[in-house]
Structures are given as structure tokens and as C-alpha cells.
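Peer 1: Have a look at the structure that comes next, please.
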Amino acid sequence: MARKPRPLIRFFIFLLVHCCYRLRLRGRHHIPAKGPAVVVCNHVSFMDALVMGGASPRPLRFLMDRPIYESPWLNWLFRLVGAIPVESDRRDPGSVRRALEEVSRALRSGEVVMLFPEGRLTPDGEVHTFRRGLETILARDPVPVIPAGLAGLWGSWTSHRGGQALTKRPRRFRARVALYFGEPIPPRLARRDRLETRVRALKAEADGWACPHDIAAPR
């Protein structure tokens, strides 16, 4: 069984995120104080999981790509916080099934699972179509879904703006980053299109604070 995140590690991540960014949070109370839930968010950069983990009032179990999970520099951290790696069945037959089983165990243990339904970093800063994995998770374990919108990380060296992520030198420090959580959506209403629409709306609201100049000047 995966180990739950240690409080000291979570506190360190919280401090790191607040040192690196001017962070505005809204709606954290929508994450239930106890019981299982799924949090879904748009995927902007490789820092997203740290921002989400540092902002959440509860530990999050992240569903993430295996190549990132197996990073030699960060694998120890991903293991410590109980991240759930997944690879395409074409590359690793059975990987998706094993990941879904681990997600199910986490939810049935009362944990909160976090995933990025787009399945990849945004190539242009916009929210892209959600994939079907979320519906599979909810069919097995019908739990509330908390949508979230993240803004301010597009343009960072960990995003794909201006070239492949992590191939550019950092140019920004203490940038504005906003993370807005929405009200929980009951599992019977948590369709992909509905969740995608809600995440888009939350991101647009977060953009209003984190990226006011980008909104004022059309791309």
C-alpha cells in the first residue's frame, strides 16, 4: 500500500510554493474535511502538482505519467506522497488497470485523488478536451468531484510556452498564481463535458487575477 504524505513534507511544499509564487487561493473549503473525493484541474506546467498539493487542506493522491513518476531526482518524493503512476497499455500492458485499481483502493480508504483529465500539459495555455478516464473512475467509485482552475503558470519554464517545458531558463520569480476550487459536483452529474465547462470557468476567473494583462490584450 502506498504511504500517505508526511505532514512535514506537505508543510515544506506549502512553504516552497508560497516562496516561489504570489499565490491566491479560493474555495479550499469545497474539499471535504473527510471522506473520499476526486479533484480535477487544468494542466499548465510541471509545477501544477506541487501547487495543488501545497494548497490543499488534505493530502492528495496524484495520478501521474509513469515517466515523470520515475524521474531519478523526484521519484523518492512521488513515492513518499503516494503518487499513482500510469502508462499507456501500448507501452506497458496492464498499467491502466493497475492504476485504476490503486485509485479505487485510495477512494475506498477515504482519500482524495487528484488528476488532470486533459492527460497532458497544455500546448497553448488553454483547457483541452477531458479524456474518458474520469468516467471510468466514477463508474467504479461514485464520489464527489471538486473542479479547480489554475492560472499564472503558463509562460513559466515548466510550461510549454516558448518551447518544450524544462528546456528554458527560469525568467520569472514570485509570479502571480491563482488556484480556484469550485463546489463539489455529485457523481451522478459529473459528466466530462460538465466538468470541463466548470474548470474552464474557474480558470477564466483565476486568470482575472493572475494574468490581467493577457486578458486585456487579445492573443
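Peer 1: Treat each spin label as a single point 7 Å out from the Cα along the C-beta direction, and report the TRP73 to ASP193 distance in nm.
Peer 2: 4.2 nm
Peer 1: Let me ask something additional. How high is the relative contact order of the stretch 149-219, given as a whole-number percent (alpha carbon pairs under 8 Å, six or more residues apart)?
Peer 2: The value is 41 percent.
Peer 1: Here is a further query. Over all directions, the average projected area of the alpha-carbon convex hull for the stretch 124-215 comes to how many nm²? Could you put the intermediate results ahead of the total?
Peer 2: Details: hull surface 27.2 nm².
Over all viewing directions, the stretch 124-215 projects a mean Cα-hull area of 6.8 nm².
Peer 1: Moving to a separate point now. Got a number for carbon plus sulfur as a percent of the chain's accessible area, 1.4 Å probe?
Peer 2: On the chain, the fraction of accessible area on carbon and sulfur atoms equals 56 percent.
Peer 1: I want to check the label-to-label distance for LEU166 and GLU101. Put each point 7 Å from Cα in the C-beta direction and report it in nm to one decimal.
Peer 2: It is 2.9 nm.
Peer 1: Next up: Along the positive direction of the dipole of the stretch 141-219 (beta-carbon charges: Lys, Arg +1; Asp, Glu -1; about the Cα centre), which of PRO144, VAL199, GLY155 reaches farthest?
Peer 2: GLY155
Peer 1: Here is a further query. Among SER95, SER159, SER71, determine the one that fluctuates most according to a GNM of the chain built with springs between C-alpha atoms less than 10 Å apart.
Peer 2: The residue with the greatest mean-square fluctuation here is SER71.
Peer 1: Further, regarding this structure: On average, how much accessible surface per residue is there in the stretch 66-219, in Å², for a 1.4 Å probe, leaving out ligands, DNA and RNA?
Peer 2: Per-residue accessible area for the stretch 66-219 comes out at 54 Å².
Peer 1: Using only the Cα atoms, work out Rg/Rh for the stretch 13-99, with Rh taken as the Kirkwood radius, to two decimals.
Peer 2: Rg divided by Rh gives 0.99.
Peer 1: Taking Rg and Dmax of the Cα atoms in Å as the quantity of interest, determine which of [x] 16.4, 49; [y] 17.8, 53; [z] 21.1, 93 was computed from the displayed structure.
Peer 2: Checking each listed value against the structure points to [x].
The values are calculated or read from the model by the stated rules, or taken from the named source; none is laboratory data. Predicted model only: the values in this text are computed from it and were never measured. No Cβ is skipped: glycine too gets one built from the backbone with ideal geometry, and neighbour counts run over all protein chains shown. Surface areas here come from the heavy atoms of the whole protein model, side chains and all, with no ligands, DNA or RNA. Shrake-Rupley method; radii C 1.70, N 1.55, O 1.52, S 1.80 Å.
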